[in-house]
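*Asks:* Take this structure first; my questions come after.
Laboratory data are not the source of any read-out in this text; all were calculated from the coordinates shown. None of the values given here were measured: they were computed from a predicted structure. Virtual Cβ from ideal backbone geometry, glycine too; neighbours counted across all protein chains shown.
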Amino acid sequence: MNIKKGVLITAIALVLAFFIGYGIEVFDPTPNYDQTYRKFNTIYNEQECQTQDGTWVKDRYPQPVGEDKNVTGYCEAPYDKIDSEKSKHDKIVFIAAVIAGILSIVIGLLFNKDTISTGIVSGGVLLILYGTIRYWRYANNILKFILLGLALAVLIWLAYKKLDRK
């Protein structure tokens with residue numbers, strides 16, 4: 001394989017993965033966590049903090065904030081709620097990326113042009129990796145084992161059926 005084919009294969013794989021990844025973000029955007037944290041950093045009283053589902057942390061050494069010289073703590077963002085939102089989003093990314101990745105691998109194997117086929121199959125593998133990595137920390141060990149087993153079985157089956165016809 002010459003260098004031009006290798007570069008084209010890599011480009012097809014990466015652009016396919018970026019295209020699908022960005023498409024997922026268009027239809028299910030990642031929640032804006034920076035905005036959420038900034039909102040809680042501007043709450044300076046316990047009642048408002050609790051109204052926003054935050055946790056008021058009493059500070060032993062209060063810092064004067066703006067005109068209010070009697071700030072007695074700070075508002076901590078509800079990390080479990082934020083983590084739950086992130087988990088839901090990453091699960092959607094995982095499902096969509098794995099489905100798109102498997103479809104890409106199958107479609108790639110149907111092409112007769114080696115460069116295009118290899119690029120699409122490689123992009124499919126990248127999508128499966130992307131989706132799995134995004135959701136990995138939330139999956140329990142049994143799910144991880146099943147996911148890896150299924151991915152391995154599908155890849156071996158595809159290689160056996162489509163690539164090694166002897």
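*Asks:* Nearest 10 degrees, 0 to 90: what angle lies between the long axis of helix 79-110 and the longest principal axis of the chain (Cα atoms)?
*Replies:* Long axis of 79-110 versus the principal axis of the chain: about 10 degrees.
*Asks:* In whole angstrom, how far apart do the alpha carbon centroids of region 1-33 and region 80-108 sit?
*Replies:* Taking the Cα centre of each part, region 1-33 and region 80-108 sit 14 Å apart.
*Asks:* Need the full-extension length gain, GLU85 to ASN32, defined as separation in residues times 0.36 nm minus the C-alpha distance. One decimal, nm. Intermediate values should be presented prior to the final figure.
*Replies:* Working: separation 53, 0.36 × 53 = 19.08 nm, distance 1.04 nm.
Working it through step by step, the gained length comes to 18.0 nm.
*Asks:* Same structure again: Quick query: amide H of GLY73 versus all other amide H atoms, modeled in the peptide plane; which residues come in under 5 Å with a sequence gap of 5 or more or a different chain?
*Replies:* ASP59
*Asks:* If you line up the long axis of helix 114-135 against the longest principal axis of the chain, both from Cα atoms, how many degrees apart are they, to the nearest 10?
*Replies:* So the inclination is approximately 30 degrees.
*Asks:* Go ahead and set up a Gaussian network model of the chain, Cα springs under 10 Å, then flag whichever of VAL26, VAL98, VAL121 fluctuates most.
*Replies:* VAL26
*Asks:* When the helices in the chain are scored as -39500 (n - 2.57) per DSSP H run of 4 or longer and the sum is shared across all residues, what 222 nm value do you end up with, to the nearest 500 deg cm²/dmol? Before the final figure, lay out the partial values.
*Replies:* Numbers: 6 runs with 112 residues, N = 166.
-23000 deg cm²/dmol, from helical runs alone.
*Asks:* Quick check: the angle from helix 3-27's long axis to the longest principal axis of the chain, C-alpha only, nearest 10 degrees?
*Replies:* Roughly 40 degrees, rounded to the nearest 10.
*Asks:* I would also like to ask the following. Hey, what did the chain get for relative contact order, percent, Cα under 8 Å, at least 6 apart?
*Replies:* Details: 186 pairs, mean separation 42.6, N = 166.
RCO, the chain: 26 percent.
*Asks:* If you don't mind, another one. Between ALA17, ALA139, ALA97, find the one with the highest GNM mean-square fluctuation for the chain; connect C-alpha pairs within less than 10 Å.
*Replies:* Per the Cα network of the chain with a 10 Å cutoff, ALA139 tops the list.
*Asks:* Residues in region 80-100 near a label at LYS58, defined as backbone nitrogen under 15 Å from the 7 Å Cα→Cβ point?
*Replies:* Zone members listed by number: none at all.
*Asks:* Given (i) 28, 19, 12; (ii) 48, 18, 11; (iii) 22, 22, 14 as candidate values of semi-axes √(5λ) of the Cα gyration tensor in Å, which corresponds to the one derived from the coordinates?
*Replies:* From the options (i) 28, 19, 12; (ii) 48, 18, 11; (iii) 22, 22, 14, the structure gives (ii).
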